[in-house]
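The values are calculated or read from the model by the stated rules, or taken from the named source; none is laboratory data. From a predicted model like this one, the values you see are computed outputs, not experimental measurements. Cβ placement follows ideal geometry from the backbone for every residue including glycine, while neighbour counts extend to all protein chains displayed. Just so you know, the surface numbers come from the protein's heavy atoms only, side chains and all, with ligands and any DNA or RNA stripped out. Shrake-Rupley method; radii C 1.70, N 1.55, O 1.52, S 1.80 Å.
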Amino acid sequence: MRRLTAWAVLAVLVLAACAPDRAADQATDGAPIGADVVTAAQDAGIDPCPGRSSGAATDSPFSDVELVCVSTGKPVDLAAFDGPVVVNVWAHWCEPCREELPLLVRAAEEYAGRVTFVGIVFADEDPASAIDLARSTGVTYPQVADPSSSLRVPLSLRGLPTTTFLVDGQVVGSQLTPYDDYGVLVADIAEHLEVEQ
């Protein structure tokens, strides 16, 4: 009976992620980031992305992946984010993404100055709606758009949301299902980034 229960729990966790085939689909593309989205992101108080620092990892699997910072419209790479980093990949149409954003906002506030948080608006056909969702949930940490799904392979995306933990530009852990418990997020930050609450 326990084995059956374990399989049932695993099936629920796998099915809880949004559109697993959509994140893994090589043909998935979102809309480009236009001036209207940049203005909306700035109006929402979303922080700008950092420029490439001298200490950024040049051997990062992301250093050649060009993304767009939604609050500036300029190219950025994940290697520009220094220190321990929590990367949350999401889209406005993903219901579990919507549900976990408040937990990430809480963690970003609690870990400010010790852990960097960044959102990846992944292949979203309506990035303006993603910014509206960020505003309504209190997201102010940097948001990066990946309209061409270029992070699908480097992050081994299977579905949305996906949360990846980076140290010095290298992946040190991933959560492939949505967070619905703040304690689990805190435990993962401690485990993967070695930063205590």
Legend entry - Principal axis dimensions, largest first and in whole angstrom, of the stretch 30-112 by Cα: 35, 31, 21
Inset, instruction - Apply the Kirkwood formula to the stretch 147-197: the hydrodynamic radius equals the inverse of the mean of 1/r over all pairs of different alpha-carbon atoms; give it in Å with one decimal. - result: 11.9 Å
Legend entry - Size of the stretch 76-197 as Cα extents on the principal axes (Å, biggest first): 36, 27, 23
Legend entry - Apportionment of accessible area to carbon and sulfur, the stretch 47-171, percent (1.4 Å): 50 percent
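For the ranges 170-183, 134-147, 63-76, what's the packing order if you count other beta-carbon atoms within 10 Å of each residue, average per peptide, and put the highest first?
134-147, 63-76, 170-183
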